[in-house]
Amino acid sequence: MMAREKRKIIITGGAGFIGSNFVRHWCQNYPEDRVVVLDALTYAGNRLSLKTLEGLPNFRFVQGNICDRPLVSSLLAEEEVDTIAHLAAESHVDRSILGPDAFIQTNVIGTFTLLESFRQHWQSRGKPEGDRFLHVSTDEVYGSLSSSDSAFTETTPYAPNSPYSASKAGSDHLARAYFHTYGLPTIITNCSNNYGPYHYPEKLIPLMCINILLGKPLPVYGDGQNIRDWLYVEDHCQALDLVIHRGQPGETYNIGGNNEAKNLDLVNMLCALMQDLAPELPISPPEKLITFVKDRPGHDRRYAIDASKIKRELGWVPQQTLEKGLRSTIDWYLSNRNWWQPLLSEEYQAYYRSVYQS
Ligand code: NAD
Ligand code: DAU
């Protein structure tokens, strides 16, 4: 077997939820690679999520904005980067409804800045064949499904419905155009909802786990019948790894968990698992805390991913079942209060009030 060539990779958004899991995955599997994290440390970025990696000889953390072209260009040159895994984004739909500006800046302008800087860097180095720009995107760009529609494939037309998904759709189009126009070796992945360790408390699963532990209401939007397809974050990281190593430039790969669940069913599952795993809950059974609240404006009804292409072409299938994945996630939140408790700051409470008391 041929020896694997070392990579010099920049991971943007590496202090976020999926980013920090992906950085850990990469450092564990490819300790000989140079790994540079570029992250602005917005409210969603947290250096504690990378604590176990600080001090590794091949690891470097740079606090900086992906919209900062001089910084990005100089990092690419200085580190002789051959691979970008682009995960930095504003990622929360509810925040995009409250204030879309940052979503356009980071998701559209930031992605453009990275693509343009990488194009110049790649061209100046003679367009090496093995270079890669992985653009990590979402299933939300495909819009909303009814219960009888078939799952999203890579050829489903784009129909984004929120400022978040519209900004991600814009960035996907740029990544695609850079392949078609310049031959830049970009690859796009569109993934369903992730869950697992280091997930910021504003998202459904960590929010429900933390509120159960604190005995606070569990806010379910609308009728709770919206459907998401849940994927354990390590399965996503494994898929991104395969796409970087074996994916075809110019291609798109859908990634999904094959785990569709209605929100209300998922919240009930979390309540039952919490009851089982967490001793002495303040309110028991925690199902008593379920509260129906005003729906999210423009709330997409259902997402479902057809991941047969990545299975067929790269042999990827998710390893974790929903129940096992939720159990390990809950275990992680129970053992890592020091990670999530400080995040429930006054700033977070103000955000919480603006979504849940309006
Ligand atoms: P996250 O919000 O947890 O983390 C985003 C990270 O990006 C943070 O560390 C933040 O500090 C950083 N960041 C934000 N703006 C930046 C900027 N201008 N410059 C540099 N860094 C910046 O997000 P996540 O949930 O880990 O999502 C990562 C990527 O995966 C995003 O592109 C998202 O669209 C995509 N995605 C997420 C999911 C999911 O379920 N979470 C599913 C599919 C795709
Ligand atoms: O589908 C992939 C997307 O999944 C990613 O692109 C996004 O970055 C990620 O945030 C996630 O988006 P969702 O909007 O699906 O995730 P969220 O956890 O915010 O909500 C999941 C579902 O739960 C959704 O139908 C809204 C609902 N919900 C959410 C919250 C926070 C509630 O009912 N109550 C809540 O308090």
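The values are calculated or read from the model by the stated rules, or taken from the named source; none is laboratory data. Quick caveat: nothing in here was measured; it's all calculated off a predicted structure. No Cβ is skipped: glycine too gets one built from the backbone with ideal geometry, and neighbour counts run over all protein chains shown. In case anyone asks, the SASA skips ligands and DNA or RNA and just uses the protein heavy atoms, side chains included. Shrake-Rupley method; radii C 1.70, N 1.55, O 1.52, S 1.80 Å.
Tell me which residues, restricted to segment 54-90, are over 25 Å from Leu184 (Cα atoms) and open to solvent by less than 60 Å² (accessible area, probe 1.4 Å). Within segment 54-90, Asn58, Phe59, Phe61 qualify.
Would you be able to say whether some residue in segment 246-256 is away from ligand 2 (no atom under 14 Å from the Cβ), of a type in the set (Ser, Thr, Tyr) and open to solvent by less than 10 Å² (accessible area, probe 1.4 Å)?
Yes; the residues of segment 246-256 include at least one that is away from ligand 2 (no atom under 14 Å from the Cβ), of a type in the set (Ser, Thr, Tyr) and open to solvent by less than 10 Å² (accessible area, probe 1.4 Å).
Would you be able to tell me the number of residues in segment 22-47 that are of a type outside the set (A, V, I, L, M) and crowded, with 23+ Cβ neighbours inside 10 Å? So the count comes out to 3.
Residue check: Val317 meets all listed conditions (1) crowded, with 18+ Cβ neighbours inside 10 Å; (2) under 22 Å from Ile188 (Cβ atoms); (3) of a type in the set (Val, Ile, Thr) but one, namely (1). Is there any pair with a first residue in segment 84-97 that is within 14 Å of Leu134 (Cα to Cα) and a second that is open to solvent by 10 Å² or more (accessible area, probe 1.4 Å) and more than 10 Å from ligand 1 (Cβ to nearest atom) whose Cβ atoms are under 9 Å apart and which are 6 or more apart or on different chains, and what are they? Note: pairs meeting the criteria are Ile84/Arg132; Ala85/Arg132. Of the residues in segment 102-118, at least one is of a type in the set (Phe, Trp, Tyr) and either open to solvent by 10 Å² or more (accessible area, probe 1.4 Å) or within 11 Å of ligand 2 (Cβ to nearest atom) (or both). In summary, Gly14 fulfils each of the numbered conditions (1) touching a Gly at 6+ places or on another chain (Cβ under 9 Å); (2) near ligand 1 (Cβ under 8 Å from one of its atoms); (3) open to solvent by 10 Å² or more (accessible area, probe 1.4 Å); (4) assigned to a loop (DSSP other than H, G, I, E, B) with the single exception of condition (3). Please indicate, with yes or no, whether at least one residue in segment 156-164 is touching a strand residue (DSSP E or B) at 6+ places or on another chain (Cβ under 6 Å) and among the hydroxyl-bearing types (Ser, Thr, Tyr). So far as segment 156-164 goes, no, none of its residues is touching a strand residue (DSSP E or B) at 6+ places or on another chain (Cβ under 6 Å) and among the hydroxyl-bearing types (Ser, Thr, Tyr). Within segment 175-209, the set of residues being open to solvent by 10 Å² or more (accessible area, probe 1.4 Å), assigned to a helix (DSSP H, G or I) and either within 13 Å of ligand 1 (Cβ to nearest atom) or not β-branched (Val, Ile, Thr) (or both) comprises Arg176, Ala177, Tyr178, Phe179, His180, Tyr182, Leu204.
Of the strands (runs of 3 or more DSSP E) lying entirely inside segment 17-90, not one is found with 1 or more residues being modelled with pLDDT under 95.
Just to be sure, is Asp276 assigned to a loop (DSSP other than H, G, I, E, B) and surrounded by fewer than 16 Cβ atoms within 10 Å (Cβ to Cβ)? Considered against the rule, which asks whether it is assigned to a loop (DSSP other than H, G, I, E, B) and surrounded by fewer than 16 Cβ atoms within 10 Å (Cβ to Cβ), Asp276 comes out as no. Within segment 143-167, if we keep just the residues that are of a type in the set (Gly, Ala, Ser) and assigned to a helix (DSSP H, G or I), the residue that is most open to solvent (accessible area, probe 1.4 Å) turns out to be Ala166. Filtering segment 105-128 to residues that are within 24 Å of the chain's Cα centre (by Cα), within 14 Å of Leu75 (Cβ to Cβ) and among the polar types (S, T, N, Q) leaves Thr113, Ser117.
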